[in-house]
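Read-outs: derived from the displayed coordinates by stated rules, not from any lab. Owing to the predicted nature of the structure, the values given are computational and were not obtained by experimental measurement. Cβ placement follows ideal geometry from the backbone for every residue including glycine, while neighbour counts extend to all protein chains displayed.
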Amino acid sequence: MFPSIFTGDLLRLASPQPEDQTVFNAWTNDDDYMRMLDDDPVRPQSIANFASFGGEIRPDDYYFHLRTLAEDQVIGFVVLHTIKWRNRSALLAIGIGDKAFRGRGYGQDALKLILNYAFSELCLHRVSLTVMDYNTPAIRAYERAGFVREGAQRQAVQRNGQYYDLLMYGILDDEWQNRISRLPSSSTQP
């Protein structure tokens, strides 16, 4: 009756499972991944840091693990967080932790799924994100998905003695709806 909102062309949005803790823990040892993911200081995390995978997630965070359709392998995560229901807005974060799946369309598929979920299921009006200006693969993926650069926090991130801008991107529900109406038929369309 309704098109699938959890399954894309390459992966699906899945609930966190306790057995995913070990995989996520291993990704924190990849300093390149950690530096692209966030502007916080990089450090390996313990498995205990991921203990919530089997338990409670904040009710206003829509947090999913990304699992491949072919192997049902967890390769990353995507989350809509800091939702302001009155304004119908949220922040988005995404990470493809498994190196073997980066640059192969999985991030793009995840973005299509989460934006469709944000605008069709949660009825949000706006989704925003920030990205360091040195993370060019992510910037390309965000722009391909329809995000518009809205500004920059100049020299907001320091890495190895050099400062980088923190770029701000956003997409509105009507921009998303116009974009998907032009895409070829897919399981991610409403």
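Pairwise inverse Cα distances across segment 46-152, averaged and inverted, put the Kirkwood hydrodynamic radius at 14.9 Å. Comparing mean-square fluctuations of 105, 161, 76 from a GNM of the chain with C-alpha springs under 10 Å, the top value falls on 161.
For the chain, a Gaussian network of Cα nodes joined below 10 Å ranks 95, 170, 151 by mean-square fluctuation, and the top entry is 151.
Give the percent of DSSP beta bridges with both residues in segment 11-127 that are antiparallel, rounded to the nearest 5.
Details: 17 of 19 bridges.
The answer is about 90 percent antiparallel.
Order these by the 10 Å Cβ neighbour count, fewest first: 11, 129.
129, 11
Taken over the chain, the percentage of Cα pairs per 5 Å bin, counting from 0 up to the bin with the maximum distance, is 1, 7, 15, 20, 21, 18, 11, 5, 1, 0, 0.
What percent do you get for the relative contact order of segment 11-127 when only Cα pairs under 8 Å and 6+ apart count? Intermediate results must be reported in sequence, preceding the final value.
On the way: 167 pairs, mean separation 28.7, N = 117.
The normalised contact order for segment 11-127 reaches 25 percent.
For segment 71-110, the calculated P(r) over all alpha carbon pairs, in 10 Å bins from 0 to the bin holding the longest distance, is 27, 42, 22, 9 percent. Projected onto its three principal axes, the C-alpha set of segment 129-186 covers 47, 18, 10 Å, listed from the longest axis down. Comparing mean-square fluctuations of 167, 115, 13 from a GNM of the chain with C-alpha springs under 10 Å, the top value falls on 167. Among the trypsin sites (Lys or Arg not before Pro) within segment 100-159, those in coil by DSSP and having at most 14 neighbouring Cβ atoms inside 10 Å are 104.
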